[in-house]
Amino acid sequence: MMENRSFDHMLGHLKLEDPTSDVNGLSAPLENYNNIYNGTSYYPFNLPHDVELDFDLPHEYDAVATQMMLNKVNGKYSMQGFVEAYANVTGAVVNPECTPMGYFNSAQVPITDFLAKNFCVCDQWFCPLPTSTQPNKTMAFSGDSNIYKTKTQLIGIPNNLFGWMNKNSIRWRVYHDGLPFFILYPELWPDILSDQFRRYEYLYSDMTQEADPNKPQVIIIEPCYEDAPRLGSKHPNDNHAPLAIGWGEDFIRRTYQAITANEMQWQNTVMILYYDEHGGFYDHVAPPRISYQTKGKDAYSFESLGPRIPGIVLSPFVKPGSVCHELLDHTSVLQFLAEVFTPGQSYSPSVDSRKNSGIMSINATLMNDIVLNPPLAPMMALDVQTALGKSVSVAPQGDMQLAFQQATLQLLQNNPAEVATKFPELIQWRDLQAQ
Amino acid sequence: MYDQKKISRPGNDSLEVLEFTLSVEKGKKEKHIKRQVSLVQNESTNNVVLATNTINGDTLIAEGIKDTALWSNFEIISVSSASRRTLLVLHANIPASLDSLGATSNAWEGTPYSGTWKIMTPLTEAERKDSTIIPGQLEIKALIRSFKK
């Protein structure tokens, strides 16, 4: 699960660049998607470069209400308030090309674009609640939420996925590139400190080398969070604004390469790439009115789902290049897990209730009978730049770098088992060098 | 960093923009801020777009402010409907009617462009029966110029 980007922001280009596409993305002319602020219209525009943005964008529950802009006259969410929410929260002067209205073209998000075009895009996947990170993540991993907004807090997570998997003897593992988000849930700390939470660097080598009986049946992969404490030069890659997108694209590529590295295992794999919420970026589709009241003391009522997020299902069981128009949210994943691992038994009453409201399972995307080998991801350099155009993602070429490479290859050749334990990330690096 | 470009604007002339990026680098970190300044011709068109917010009887109303900071140096030459329906408009204490075909009105010539606008239109028979088809915004097109010095 990545962070804070809307469907139109990441995948709206699919329709714009190919008007024959079945995806509900952005269509020309873009003036059909105006936002209104102070008597002026603002339109979607192609972000000129992949650079760090000026600001994070507003996406707390009150800002999301402004963004969705309920018109009391016709009773519809107009989705015309993203610029207004941005101006209200940042206090910034609004540019004619206003950041929340920016979208990426296919060349700027080549990995996301590649996965969308080769697997199944879900163009009706909404975040469960019209609010921010913590409540939406909590919904994603428990089907319920005790909270309605993000604040400085530790969070309770009743009916959480990990307890459910333990209860049902499902083997699971979390791979985390940095501190996992789950650290915000104290009842998960024993799990976090166990062997079932493993460094992301092991993902590739585990997928290629691990013996069958030990393999987890469910894997959750955590990016390196922009908001989490980090030491050293490790760069966040969760795509949380104001981050440039290239870091996240590279993380998604490495993850896809790892998940598809073992072709035997791939034949039974469903990989789900989704975002916790829209992060304040514009999306044109009004969420359906499916209400939810948070649990706990200060119950808060939401009247609808939140804005659409990019959701892609990668699997030999999806039709290549397909589009799923069924209504999905993050609890669709919980529905799916229950269908696979506890057939005939639902995940929880809350998830059941959402299902009865029309929210489907991820199973709705799995429409393919022919198992195909996974296509190779594009290998181009993902060049994140500074505002002044200097590259910040490509290391300088030179003797020192070549010496490191030579030493690494020899170390791998002479001591493969030890390297797999000590420097597992080098296994993936070596295999990519060989391609 | 400085850039100059044109942004196409529906219903208007294309908008010429000067773009300034102020960037500060320290160590490996960078912060930057981008400001776009619109270049407006002495006479140009610009639209007032307001979300509909009330119904009074059978009249649909959109009321709001055209940005007073950005547009305070401009005055109106003429105004027309950009909503393909008849509009009754109130601005600067002057009411005037605009026809659905886009004929121009000089009722506000010389008055400030910025400030409060109230745009009203009769609901159609179909809209009276089904509120979900009521438009979410009303729009007028203005020909404006900078205040004479």
R0 of 30 Å, Cβ-Cβ distance A:W429-A:K167: FRET efficiency to nearest 0.05
0.20
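Based on DSSP loop calls and a cut-off of at most 16 other Cβ atoms within 10 Å, the longest stretch of chain A free of exposed GluC sites (Glu not before Pro) is what? Working shown, then result.
On the way: sites that count: A:E210, A:E303.
The longest such stretch corresponds to A:1-209.
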Amide H to amide H, which residues 5 or more places from A:W125 or on other chains are under 5 Å from it, using H placed in the peptide plane?
A:I309, A:L328
Note down the magnitude of the dipole of the stretch A:1-83 about its Cα centre, charges +1 on Lys and Arg C-beta and -1 on Asp and Glu C-beta and zero elsewhere, to the nearest 20 debye.
480
Can you list residues from other chains, or at least 5 along the same chain, whose modelled amide H is less than 5 Å from the amide H of A:A92?
none
What does the charge dipole of the protein assembly as shown about its Cα centre add up to, to the nearest 20 debye, if the Cβ of each Lys and Arg holds +1 and the Cβ of each Asp and Glu holds -1?
700
Which of the listed residues, A:Q265, A:N356, A:P130, is farthest toward the dipole's positive end in the protein assembly as shown, when Lys, Arg count +1 and Asp, Glu count -1 at the beta-carbon?
A:P130
Quick one: net charge around A:A244, please, counting Lys, Arg +1 and Asp, Glu -1 for every other residue with C-beta under 10 Å from its C-beta.
-4
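Using the alpha carbon gyration tensor of chain A, what are the three equivalent-ellipsoid semi-axes (square root of 5 times each eigenvalue), largest first, in whole Å? List each step's numbers first, then the result.
Values: eigenvalues 223, 149, 89 Å².
Those come to 33, 27, 21 Å.
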Exposure rule at most 14 other beta-carbon atoms within 10 Å, DSSP loop trypsin sites (Lys or Arg not before Pro): chain A longest free segment
A:298-389
Which of rounded, prolate or oblate describes the stretch A:110-365 when judged by the alpha-carbon gyration tensor and an a/c cut-off of 1.5?
rounded
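How about the stretch B:1-103: which trypsin sites (Lys or Arg not before Pro) there are in a DSSP loop, with at most 12 other Cβ atoms within 10 Å of their Cβ?
Numbers: sites: B:K5, B:K6, B:K26, B:K28, B:K29, B:K31, B:K34, B:R35, B:K66, B:R84, B:R85; in loops: B:K28, B:R84, B:R85.
Answer by residue number: B:K28, B:R84.
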Using DSSP to call loops (not H, G, I, E or B), can you name the chymotrypsin sites (Phe, Trp or Tyr not before Pro) in the stretch A:301-372 whose Cβ has at most 14 other Cβ atoms within 10 angstrom?
none
Under 16 Å between alpha carbons, and skipping anything fewer than 8 positions from A:K137 in its own chain: which lysines qualify?
A:K149, A:K151, A:K295
Per residue of the stretch A:143-160, in order, report the coupling 6.51 cos²θ - 1.76 cosθ + 1.60 (Karplus, θ = phi - 60°) as ³J(HN,Hα) in whole Hz, putting x for Gly and Pro.
x, 9, 8, 8, 10, 10, 9, 8, 8, 6, 7, 9, 10, x, 9, x, 6, 5
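With 10 angstrom as the radius, rank B:S78, A:S291, B:S83 by how many other C-beta atoms surround their C-beta, starting from the fewest.
On the way: B:S78 16, A:S291 10, B:S83 20.
So the residues, fewest neighbours to most, are A:S291, B:S78, B:S83.
Around A:T131, with a cut-off of 10 angstrom between Cβ atoms, what is the net charge of the other residues, counting Lys and Arg +1 and Asp and Glu -1? Write out the running numbers ahead of the final one.
Numbers: positive: A:K149; negative: A:E60, A:D62, A:E277.
Residues close to A:T131 contribute a combined charge of -2.
At a 10 Å Cβ-Cβ cut-off, how would you order B:F74, A:F141, A:F423, B:F147, fewest neighbours first? Display every interim value, and only then the final one.
Values: B:F74 20, A:F141 24, A:F423 16, B:F147 12.
Least crowded to most crowded, the residues run B:F147, A:F423, B:F74, A:F141.
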Between B:A107, B:V24, B:V40, whose Cα lies farthest towards the positive end of the dipole of chain B when Lys and Arg beta carbons carry +1 and Asp and Glu beta carbons carry -1, centred on the Cα centre?
B:V24
Give me A:L328, A:L115 sorted ascending by neighbouring Cβ count inside 10 Å, so fewest comes first.
A:L115, A:L328
Here the net charge surrounding B:S114, from other residues whose Cβ is less than 9 Å away from its Cβ (Lys, Arg +1; Asp, Glu -1), is 0
Under the helix-only model (-39500 (n - 2.57) for each DSSP H run of 4 or more, divided by the residues of the protein assembly as shown), the mean residue ellipticity at 222 nm, to 500 deg cm²/dmol, is -6500 deg cm²/dmol
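Please identify the helices of chain A, taking whole runs of DSSP H, that span at least 18 Å along their own axis as judged from the Cα atoms and have a mean Kyte-Doolittle score of -1.0 or higher.
Details: long enough: A:246-259 (20 Å, -0.69); A:399-414 (22 Å, -0.11).
Helix filter hits for chain A: A:246-259, A:399-414.
Every read-out reported here was derived from the displayed coordinates using simple, explicitly stated rules and does not represent laboratory data. All values reported here derive from a predicted model rather than from experimental measurement. Cβ atoms come from the backbone with ideal geometry, glycine included; neighbour counts cover every protein chain shown.
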